Amino acid sequence: MFDFGFWEIAIIGVITLIVVGPERMPSLARKAGLYFGKLNRFFNKVKSDINEELKMDEIKEQMSMDDEKIILSEVTEDIQSSADSLKQENIFPDKKTK
């Protein structure tokens with residue numbers, strides 16, 4: 001996310017040491033670490049929730065496509081059986097018999 005090198009972190013540490021003082025620096029660093037950890041866990045949770053929702057959408061789309069395929073195959077079978085029954089009843093005579 002941010003590209004901090006060694007020197008940037010060192011400069012931030014020196015400025016923080018000057019501003020807060022050496023006696024409060026360890027507790028401030030500990031609190032900053034805790035908040036950074038919480039923030040990191042929050043972002044990871046959001047990422048996993050988004051990925052989970054995307055997977056669910058993909059699964060729903062796949063299921064919808066499968067349902068459409070099943071319906072189409074049922075309709076095709078119905079049409080085929082209707083055509084077969086009509087041929088057996090001789091409603092559509094063969095062209096050769098005329």
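What follows draws every value from the coordinates through simple rules; no lab data is involved. If you're wondering where the values come from, they're calculated on a predicted model, not measured in any experiment. No Cβ is skipped: glycine too gets one built from the backbone with ideal geometry, and neighbour counts run over all protein chains shown.
Simple spin-label model, 7 Å along Cα-to-Cβ: Asn44 to Ile12 in nm?
Using points 7 Å along Cα→Cβ, the separation is 1.9 nm.
Label Leu34 and Ser73 with points 7 Å out from Cα along Cα→Cβ: what is the distance between them in nm?
According to this spin-label approximation, the distance is 5.9 nm.
Mind computing the radius of gyration and Dmax over the alpha-carbon atoms of the stretch 6-90? Å is fine for both.
32.3, 102
Considering only lysines 8 or more places apart in sequence, or on different chains, count the pairs in the chain whose C-alpha atoms sit under 23 Å apart.
Number of lysine pairs found: 11.
Can you give the FRET efficiency to the nearest 0.05 for Asp57 and Gln88, using r as the Cβ-Cβ distance and R₀ = 41 Å?
0.30
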